[in-house]
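A short write-up of the structure that comes next.
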Amino acid sequence: KIKSQIKDAQIIIIPREGDANRTEFPVIDARSLSYFADVVISGGGTMAREASLLGTNAVTYFYKPLAVDKYLIGKKMLISFPGKEILTVDWKKILRIKKRKVNLENFEHPFSLISKAEKLIEIKNGK
């Protein structure tokens, strides 16, 4: 689908271990590959999440977004096209989105989240 919209697209497919009926896979620097990519598309989500944190346009087509996905989607860092919606994407439009510079100050510190979680547990337990 991408090649039909963007003739000169260079597509790199990284199969999950064992998906390609092979036992040996080449060693690649996926982080650098994600950083320098125009877009990362992932069905599982981990690589898309990592790419989004690097500032790369990231698309997931996982059916049920996890809480972390919803958070990144809400921050406009991750784009979701669940299931067959991925087949309707206008890839030229996605590629026009400029890469973002990620500012870690936009994120809550994990320790403050632990405190919030503890308070929610206390409320749930009636304390």
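The values are calculated or read from the model by the stated rules, or taken from the named source; none is laboratory data. Please read all numbers here as calculations on a predicted model, not as lab measurements. All Cβ positions, glycine included, derive from the backbone under ideal geometry; neighbour counts span all protein chains shown. Note: areas computed on protein heavy atoms with side chains; ligands, DNA, RNA excluded. Shrake-Rupley method; radii C 1.70, N 1.55, O 1.52, S 1.80 Å.
Observations, loosely collected:
- Qualifying residue in segment 105-126 (condition: touching a residue at least 12 places away in the same chain (Cβ under 8 Å), open to solvent by 50 Å² or more (accessible area, probe 1.4 Å) and of a type in the set (D, E, K, R)): no
- Of the residues in segment 49-59, at least one is open to solvent by 70 Å² or more (accessible area, probe 1.4 Å) and modelled with pLDDT of 85 or more.
- Segment 71-84: number of residues that are surrounded by 11 or more Cβ atoms within 10 Å (Cβ to Cβ) and either outside any helix (DSSP H, G or I) or in contact (Cβ under 8 Å) with a residue 24 or more places away in the chain (or both): 7
- Single condition Lys64 does not satisfy, out of (1) open to solvent by less than 50 Å² (accessible area, probe 1.4 Å); (2) more than 24 Å from Lys3 (Cβ to Cβ): (1)
- Of all the residues in segment 23-70, those that are touching a strand residue (DSSP E or B) at 6+ places or on another chain (Cβ under 8 Å), of a type in the set (A, V, I, L, M, F, W, C), over 23 Å from Asp8 (Cα atoms) and without any contact (Cβ under 8 Å) to a residue 24 or more places away in the chain number 1.
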